[in-house]
1. Per residue, how big is the convex hull of segment A:13-234 when only Cα atoms are used? Give it in Å³.
2. Over its Cα atoms, what ratio of radius of gyration to 2.2 N^0.38 Å does segment A:138-200 give?
3. Would you grab the residues whose amide H sits under 5 Å from the one on A:L14? Only those 5+ places off in sequence or on another chain, please, with H modelled 1.01 Å from N.
4. Can you give the convex hull volume per residue for the Cα atoms of segment B:59-212, as a whole number of Å³?
5. Ignoring ligands, DNA and RNA, what percent of the 1.4 Å accessible area of chain A is carbon and sulfur?
6. Of all the Cα-Cα pairs you can form in segment B:51-94, what percent are over 16 Å apart?
7. Would you mind pulling out the separation of the Cα centroids of segment A:21-82 and segment B:217-239, in Å?
8. Kirkwood hydrodynamic radius for segment A:193-313: how many Å is it when counted over pairs of different Cα atoms?
Amino acid sequence: MSAVPEAPAVPRTLVGIEGVSRRFGDVVALDEVSLDIRQGEFFALLGPSGCGKTTLLRILAGFEAPDSGAVTLDGADLLARPAHRRPVNLMFQSYALFPHMSVAKNVAYGLEREGLPRGEVSSRVAEVLATVGLTEQAGRRPHQLSGGQRQRVALARAIVKRPRLLLLDEPLSALDKKVRAEMQLELKRLQHEVGITFVVVTHDQEEAMSLADRIAVLQAGRVEQVDAPVRLYERPGTPFVAGFIGANNLFEGTAVGEGLSAPGLGTLPAQGGLAAGTPALLGVRPESIRLGAGGVLSGVVADVSFYGGVSHIAVRVPGHERPVLVATQGPTRVTAGAEVGLGWSASDAVLIAR
Amino acid sequence: MTAKHDLAPPGAAPGPTAGRPPRRSSRRSRALGTAGARLAFLGPGLGYLFVLLLVPLALVLSYTVFRRGRFGGVVYEATSENFTRLFDPLYFHIVLGSIKIAALTTLVALLLGYPTAYAIARLPRKWKTIALVAVVLPFWTNFLIRVYAWVIMLSGPGLVNEALTGIGIIDKPLELLYNQGTIVTGLLYSYLPLMILPLYAAIERLDPQLGEASANLGARPARTFLSVTLPLTMPGILTGCVFVFVPSLGNFVIPEILGGGRSIMVGNLIRDQFLKARDYPFGSALALAVIAVLIVLLFLQAWASRVYGGTEGRRG
Ligand SMILES: Nc1ncnc2c1ncn2[C@@H]1O[C@H](COP(=O)(O)OP(=O)(O)O)[C@@H](O)[C@H]1O
Ligand SMILES: [Mg+2]
């Protein structure tokens with residue numbers, strides 16, 4: 001893959017979404033959404049349930065038309081084409097397998113619509129069923145399969161067409177944790193192998209983080225931020241993203257030269273960028289906070305939990321409503337009730353305008 | 001319970017459920033518990049069926065092998081002549097003709113009913129209810145009155161002719177009554193709701209995402225209809241066809257009133273054998289012939305709905 005972050009070449013846009021809005025009665029499902037999805041990338045749409053992710057995929061697939069806005073594929077108007085003429089395949093959230101057809105028939109359906117010769121259809125079906133590990137289930141009906149197997153049939157049915165763009169709507173949400181981790185690897189491998197552009201919808205941020213080259217965070221029909229997973233985590237651009245992505249300690253106040261002036265807490269260090277006096281939010285990750293005397297803040301340890309690799313320590317800081325969360329490597333010697341100081345370096349904290 | 005079960009009268013139409021795996025029934029019998037409890041639940045229904053269906057049926061069956069008395073009634077003397085008479089061209093023709101009329105009615109009802117049911121199933125919820133009430137609305141009026149209404153509309157000086165002459169399309173009234181077309185029209189009018197309701201139930205249960213999946217895989221709308229919609233609504237189609245064909249085949253009121261009172265359909269023939277000719281044995285043989293046709297039909301339906309079975313993928 002050429003998606004090395006420092007790659008100088010400007011990646012080619014495959015799908016251009018410009019100012020797309022869609023409302024259902026009073027509900028604004030999509031509000032002026034603009035996104036560029038690049039050729040060959042693994043793009044994730046992340047957001048809480050009901051934020052418009054499925055609606056956006058349905059617009060791309062042609063089942064739904066936007067009230068306003070434009071969508072292009074390779075620079076050509078995509079909205080003008082009916083659903084069955086789009087080089088876009090969707091893996092449905094509920095799989096939508098044809099119950100009256102065998103696994104092989106389900107997978108062959110799309111190829112038959114292209115009018116390919118029988119021999120080629122069956123060899124490509126066999127090939128893709130081998131890829132997803134369902135060769136032995138080829139003759140079964142969907143209701144004779146487990147949830148994980150059905151999901152793989154849905155995936156096979158969508159990729160066998162070798163579309164320009166593959167849309168996956170919460171592809172792994174019905175699976176248990178272990179199968180899910182396996183399938184995530186599988187998806188990633190597949191994307192590298194077949195070289196299709198993937199757009200995956202999820203409300204699971206870990207899934208988005210581990211899979212995607214870039215993530216768009218959606219909230220109430222609006223795009224909050226589009227970035228690579230690491231940047232999204234380290235440099236959240238909006239209060240919503242700061243609170244939504246990963247555990248974060250957030251402090252309210254106003255930006256000052258060297259950080260954030262938080263009422264009752266004093267001045268907290270952060271890298272600036274905001275004009276002094278701007279109402280702002282400071283975000284600092286639990287793993288960026290050091291415990292020890294002489295920090296910026298001090299408080300009393302309320303709770304310690306040990307998770308094997310890391311320990312989570314919740315510290316009550318007078319003047320701050322929620323306990324400050326600190327993560328340390330391995331077991332910690334701190335116990336509940338202890339007085340501790342909390343500190344972090346300015347470069348580890350972000351300031352976000354409110 | 002699904003909508004389909006709500007619409008089907010109890011005990012009718014084995015069709016839509018026939019293809020299901022036995023899982024359901026075993027769960028049900030466990031819920032009913034002991035044999036005693038089962039009997040208490042089944043007793044009234046079985047008793048009803050036994051007294052009002054099986055006993056008269058057995059009577060009719062037994063009549064078929066006896067001779068008619070000279071002045072009506074039955075002489076208990078075995079004979080096969082009732083069955084040979086069935087193949088007398090005079091009667092055989094009527095039986096075949098009735099099957100044709102019933103089949104034509106069923107076909108037209110399917111062609112008219114499918115788009116209607118489809119449209120209703122895709123309406124917003126509120127309009128759906130209104131449309132369904134409209135479909136069954138004719139049932140609220142007496143059947144005979146509705147059939148006579150057709151006579152008034154189609155007769156020589158009737159509404160249709162008046163309208164047509166009034167706007168100058170024709171000069172002389174048309175012969176609209178008393179032919180096969182009139183009978184089909186009357187049957188269609190009477191039984192179309194019985195086609196629409198099971199079709200509606202089947203289409204309503206169809207997951208609309210399956211159609212979208214089909215389009216997404218490159219199928220034109222017509223292909224989606226043939227490969228996805230039609231096979232998955234086949235149980236509803238079969239049920240609707242049985243619901244229309246069965247009463248159409250045996251009907252004698254509509255051919256009597258709209259067909260001009262001649263023995264055009266087997267229903268009239270049977271009625272005449274019992275009430276006019278007082279030939280119970282032959283009337284019974286004719287009735288048996290109709291029952292035989294219907295049994296074959298039900299087997300076909302059960303078989304077909306097993307082939308198209310697969311309850312997954314429909315919204316339940
Ligand atoms: N066909 C529809 N009719 C009415 N409201 C809809 C329809 N589709 C989606 N919505 C509404 O639009 C919003 C976004 O829905 P959706 O795109 O499914 O969200 P997500 O997939 O992110 O959970 C929700 O509030 C949902 O209720
Ligand atoms: Mg969704």
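1. Details: hull volume 27.4 nm³, N = 222.
Measuring per residue, one finds 123 Å³ for the Cα hull of segment A:13-234.
2. Details: Rg = 11.9 Å, N = 63, 2.2 N^0.38 = 10.6 Å.
Against the compact-globule rule of thumb, the ratio is 1.12.
3. Placed amide hydrogens put A:I37, A:R38, A:Q39 under 5 Å from A:L14.
4. Numbers: hull volume 36.6 nm³, N = 154.
In segment B:59-212, the Cα convex hull volume per residue is 238 Å³.
5. Working: 8130 of 15940 Å².
Heavy-atom surface of chain A belonging to carbon and sulfur, 1.4 Å probe: 51 percent.
6. Values: 484 of 946 pairs.
Tail of the P(r) past 16 Å holds 51 percent of the pairs.
7. 28 Å
8. Values: mean 1/r = 0.0598 Å⁻¹.
One over the average 1/r among Cα pairs gives 16.7 Å for segment A:193-313.
The values are calculated or read from the model by the stated rules, or taken from the named source; none is laboratory data. Please read all numbers here as calculations on a predicted model, not as lab measurements. Neighbour counts are summed over all protein chains in view; Cβ atoms, including those assigned to glycine, are modelled from backbone coordinates with ideal geometry. Areas reflect the complete protein model, heavy atoms only, side chains present, ligands, DNA and RNA absent. Shrake-Rupley method; radii C 1.70, N 1.55, O 1.52, S 1.80 Å.
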